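Read through the structure below, which is laid out as structure tokens, and then see the notes.
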Amino acid sequence: MKIPESRVIEVKELGDERGLLAVIDGETSIPFEFKRVFYIYNTISGVRRGYHAHYKTRQALVCVSGSCKVFLDNIRRKEDVLLDSPRKILILEPNDWHEMYDFSPNCVLLVLASHLYDAEDYIRDYEKFKEVYGG
Ligand code: T46
């Protein structure tokens, strides 16, 4: 599946008179198989979290409630992405240094991850990140 330049994928919305339903299909909606799902919620106002990249984990982020912003830095390019719809899925590659911020009070940020949790898969030091991915 081709990843759009912005790396934000729009999922199909299925709606009827009862309300809306969005589907993330493991085979067609995102470009990797996921083994783990977690969600970030009740984030304290003003908190910025993340501050890391990964060695192998790919992730898909979606605000199923509320909104937040994600700062991305893959050394070649830095960008801020607003996640403000349950239809918008942001794909993070392992070499994306990321920081999540501006969480709305009702934000529930759902994350699908390609690998099980492994603390060794995190690069939390920016200098190390540049060393690993700086070319
Ligand atoms: C990421 C962003 C988007 C676990 O024990 N298992 C897990 O699966 C996860 C995700 C976390 N944890 C532990 C590790 C820490 O002691 O939960 C604590 C909080 O995790 P962390 O400080 O890494 O949270 P964030 O918000 O900085 O980052 C998380 C993910 O860890 C990370 O992979 O890319 O969300």
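The values are calculated or read from the model by the stated rules, or taken from the named source; none is laboratory data. Just so we're clear, the structure is a prediction, and the values are computed from it rather than from any experiment. All Cβ positions, glycine included, derive from the backbone under ideal geometry; neighbour counts span all protein chains shown. These accessible areas exclude ligands, DNA and RNA; they are computed on the full protein's heavy atoms, side chains included. Shrake-Rupley method; radii C 1.70, N 1.55, O 1.52, S 1.80 Å.
Counting just the residues of the stretch 100-126 that are open to solvent by less than 60 Å² (accessible area, probe 1.4 Å) and charged (D, E, K, R), which one comes out farthest from Lys56 (Cα to Cα)? Ranking the candidates gives Asp118 first.
Screening Leu82 with (1) surrounded by 15 or more Cβ atoms within 10 Å (Cβ to Cβ); (2) part of a strand (DSSP E or B) gives one miss only, at (1).
The condition (being in a strand (DSSP E or B), touching a residue at least 40 places away in the same chain (Cβ under 8 Å) and not hydrophobic (A, V, I, L, M, F, W, C)) is satisfied by just one residue among Tyr51, Tyr117: Tyr51. When the test is whether a residue is of a type in the set (Ser, Thr, Tyr), within 13 Å of the ligand (Cβ to nearest atom) and within 19 Å of Arg49 (Cβ to Cβ), Tyr126 does not pass it. Selection within the stretch 45-61: residues that are more than 7 Å from the ligand (Cβ to nearest atom) and more than 14 Å from Tyr117 (Cα to Cα). The member of this set that is most open to solvent (accessible area, probe 1.4 Å) is Ser45.
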